[in-house]
Amino acid sequence: MPNYPNAAIAAHEYGHGLGLHHASFYNCPNAPYLETGCDMTEYGSPYSVMGSHTNFGFFNALEKDYLGWFAPANIQTVTQSGTYTLDHLEVASATNLKALKFQRAANDYLYVEHRQPLQYDDNFTGTNAYNGALLHVRANTGAGPLANRSFLLDAVHPPVWGTANDAAL
């Protein structure tokens, strides 16, 4: 790789060094998520430096969970219905809830997060990221280099194909 003096590219490559794969966009024509018949864009998530490193967004909740960056109070696996209040993902806190995980199958979770225009996440102009929740799932590929790839879901547009820029629920 050429020697680019670009912090976003350096952060993206550092993420690979930590074991992360690309943050992709997964768009289905008839539902937020289907096992088949969907379109995957490799670098499609503009909300993670592991996706679109031109936006330089920070890591998403799935990636932060994998890296062990959350304090125990920051992430909750949802096992029953209820009302949950998420703090924005960007600022560290030992006590505030930052993300929810919904188990879909063994080692397979749907992550919910909330973003605000703070720190590295202040450049999502032209998106609706600050107006709702972003949803991510982990690539269901087991072990290996794709195991830590996150897929941003478009929960807004089914049954119409959408874009990652307005995927927030």
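No value in this document is a laboratory result; all are computed from the given coordinates. Since the model is a prediction, treat every value here as computed from it, not as a measurement. Positions of Cβ are backbone-derived with ideal geometry, glycine not excepted, and every protein chain shown enters the neighbour counts.
For Kirkwood radius over Cα pairs in Å, pick the label among [x] 16.1; [y] 15.6; [z] 17.7 that corresponds to the value derived from the coordinates.
For Kirkwood radius over Cα pairs in Å, the calculated option is [x].
Once you have a ≥ b ≥ c as the square roots of the Cα gyration tensor eigenvalues for region 85-134, tell me rounded if a/c is under 1.5, and otherwise prolate or oblate according to whether a/b is larger than b/c.
In terms of gyration-tensor shape, oblate.
Obtain the nm distance between the two label points defined at Ala8 and Ala92 by a simple spin-label model: each point lies 7 Å from its Cα along the Cα-to-C-beta direction.
2.5
When the helix-only estimate is applied to the chain (DSSP H runs of n ≥ 4, each -39,500 (n - 2.57), divided by the residue count), what is the mean residue ellipticity at 222 nm, nearest 500 deg cm²/dmol?
So the calculated ellipticity at 222 nm is -3000 deg cm²/dmol.
Taking a ≥ b ≥ c as the square roots of the eigenvalues of the Cα gyration tensor of region 1-97, is the shape rounded (a/c under 1.5), prolate (a/b larger than b/c) or oblate?
Taking the square roots of the gyration eigenvalues as a ≥ b ≥ c, region 1-97 is oblate.
Give me the extension gain from Phe102 to Ala73: residue separation times 0.36 nm, minus the current Cα-Cα distance, reported in nm with one decimal.
Here the segment from Phe102 to Ala73 would lengthen by 8.9 nm.
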